[in-house]
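Below you'll find the structure, written out as structure tokens, and then a few comments.
The values are calculated or read from the model by the stated rules, or taken from the named source; none is laboratory data. Owing to the predicted nature of the structure, the values given are computational and were not obtained by experimental measurement. Here Cβ is always computed from backbone atoms with ideal geometry, including for glycine, and neighbour counts include all displayed protein chains. These area figures cover heavy atoms from the full protein model, side chains too; ligands, DNA and RNA do not enter into them. Shrake-Rupley method; radii C 1.70, N 1.55, O 1.52, S 1.80 Å.
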Amino acid sequence: MPNSLVDDMKRLLRFAPRDAAILRATGPEVGPAMPAIRERLDSDIFRAAEDANLLTGGPEARARLQEALSAWLENLFSGTYGQAYFKQHSEIGHLHLHLGLPQYYLSSSLEIVWQELERYIRQANLPESGEKLRSLRKLLALEMSSMLAGYNQAYAVQVRHDERSAVQERLTRAEHLAEIGHLAASLAHEIKNPLAGISGAIQVIRDAMPPNEPHRPIIAEILRQINRLDGTVKDLLVYARPKPPKFKRCDLPRVIERILTVLRGEPELQRIELEYINSRLLPLFADEVQIEQLVMNLLLNAAQASRDGGLVRLKTTSNSTGFRLEVEDQGHGMPAEICQRGFEPFFTTKAKGTGLGLPICQKIVEAHGGTISIRSTVGEGTTVTVQLPRYPPAASGATTDENTRADR
């Protein structure tokens, strides 16, 4: 602790050289009280911390804390209360944090010391007991400030270290994802054209086959797998090299009805019940193609997570400033650790999937100046909520057509 801080605390508490002299003289008189203090600290503090599983490090940690507090008690009535004294005692605050003890264990320990010493001084009828207790109370207040300052200093160092580690981890992860995205985009471009050629050749072979050709089902399956691979390639390109949105007036109910018409033919949607609830929506200015992809991805995800016959509910509302879109399923739900990784690229719990559905949705939403979040309960289902502003975000880098500018 800086000298100025120690001096300032002494001034505020009116701790004078006379107080130091009184405490030095009191030390030998209160020596018989020290065993009771140590016993209470052991039973009320150390055991309580262990019972609450707060004290990390086991018996060794407890021994370290006992040793530190014993040394503190022996030095409490030294009569020398300068910078070195309080610096040494601030280390007790460091130790409390290092061992996992909350701050209130510091204040509780000092209160126990005060209670025991006050009881002993009064019962022993020591001369000038009132003056001794006043000086002792001032000293313990100084001790509390010193220990808390040490605790807070150690905590600040720990927080800075944790923040640096978290930032470094995010930067490293972002670099890795950027490298993966760049590689994925390169591979996707290399795959896309040959894949189109293969698909065209297979279709020529299929069209040349007679209707009763026994190999037709095999050809159909090949084409399905090619289409699936083509979808994966498109996802990789969309995620790795997203296009800035082109904002224009968007009739969201019409877009959603079009999506529902398409999706009702999908096998995933045919096995569940789909409910669409919408209030009277105000015009939205957005990239219609990207919004369509957003809603489609969310509905497909919800359907894939649902049990047969389960309900998927799509709900849209709006006000003068923005839109809220919710997609809710009643599937298996996700534990918190899986839910937290929902927007992590290439992370998936599905047997089939690239892990890019939600990350693409997140990029679309953020490009529109909105937010997207996941709420999930295991055994009950998942809800994805999207909030979008009515108008394009300022300085988004996106293009806006003349109609949008006129409406604004």
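So which of Lys192/Lys243; Lys234/Lys315; Lys87/Lys138 end up more than 23 Å apart, counting from Cα to Cα? Walk me through the numbers on the way to the answer.
Details: Lys192/Lys243 18 Å; Lys234/Lys315 28 Å; Lys87/Lys138 17 Å.
Lys234/Lys315, as the Cα separations exceed 23 Å there.
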Exercise for the section: Note down the accessible area of Val255, probe 1.4 Å, to the nearest 10 Å². Expected result: 0
Exercise for the section: Among Leu148, Leu110, Ser129, pick out the residue whose Cα is farthest towards the positive end of the charge dipole of the range 99-167, where Lys and Arg carry +1 and Asp and Glu carry -1 on C-beta, about the Cα centre. Expected result: Ser129
Practice task
Treating cross-link reach as a plain straight distance, find the lysines whose alpha-carbon is under 17 Å from the alpha-carbon of Lys132, omitting any fewer than eight places away in the same chain.
Solution key: Lys10
Fill in the blank from the handout: Per residue, accessible area of the range 236-360 with a 1.4 Å probe, heavy atoms of protein chains only, in Å², comes to 51
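Report, as a whole number in µm² per second, the diffusion coefficient that Stokes-Einstein gives for the range 299-359 at 10 °C and 1.306 mPa s using the Kirkwood radius over alpha carbon pairs.
121
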Practice task
Ignoring everything but the protein chains, give the 1.4 Å probe accessible area of Lys192 in square angstrom, nearest 10.
Solution key: 70
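So if each residue of separation counts as 0.36 nm, and I subtract the Cα-Cα distance between Arg206 and Leu12, what length gain in nm does that give? All intermediate terms of the calculation are to be shown ahead of the outcome.
Values: separation 194, 0.36 × 194 = 69.84 nm, distance 9.32 nm.
Here the segment from Arg206 to Leu12 would lengthen by 60.5 nm.
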Problem - the range 226-312 shape via C-alpha gyration tensor axes, a/c threshold 1.5 - result: oblate
Handout entry: Spin-label model distance (nm) - Asn75 vs Ala141, 7 Å beyond Cα toward Cβ
Key = 2.3
Problem - Label-to-label distance, nm, for residues given as Ala36 and Gln66 (7 Å Cα→Cβ offset) - result: 2.1
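Give the carbon-plus-sulfur fraction of the accessible surface of the range 69-126 in %, rounded to a whole number; probe 1.4 Å, heavy atoms of protein chains only.
Values: 1220 of 2480 Å².
Ligands and nucleic acids excluded, carbon and sulfur give 49 percent.
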Practice task
Using a 1.4 angstrom probe, figure out how much accessible area the range 118-160 has per residue, in square angstrom, rounded to the nearest whole.
Solution key: 52
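What's the extension gain from Leu110 to Asp251 if we count 0.36 nm per residue and subtract their Cα-Cα distance? Intermediate results must be reported in sequence, preceding the final value.
Details: separation 141, 0.36 × 141 = 50.76 nm, distance 6.76 nm.
This chain segment gains 44.0 nm when fully extended.
Of the heavy-atom accessible surface of the range 304-388 (probe 1.4 angstrom), what whole percent is carbon and sulfur? Each step should come with its number before you reach the end.
Values: 1980 of 4100 Å².
Within the range 304-388, the accessible surface is 48 percent carbon and sulfur.
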Exercise for the section: Please calculate the 1.4 Å probe accessible area of Met296, with all protein chains present, and give it to the nearest 10 Å². Expected result: 50
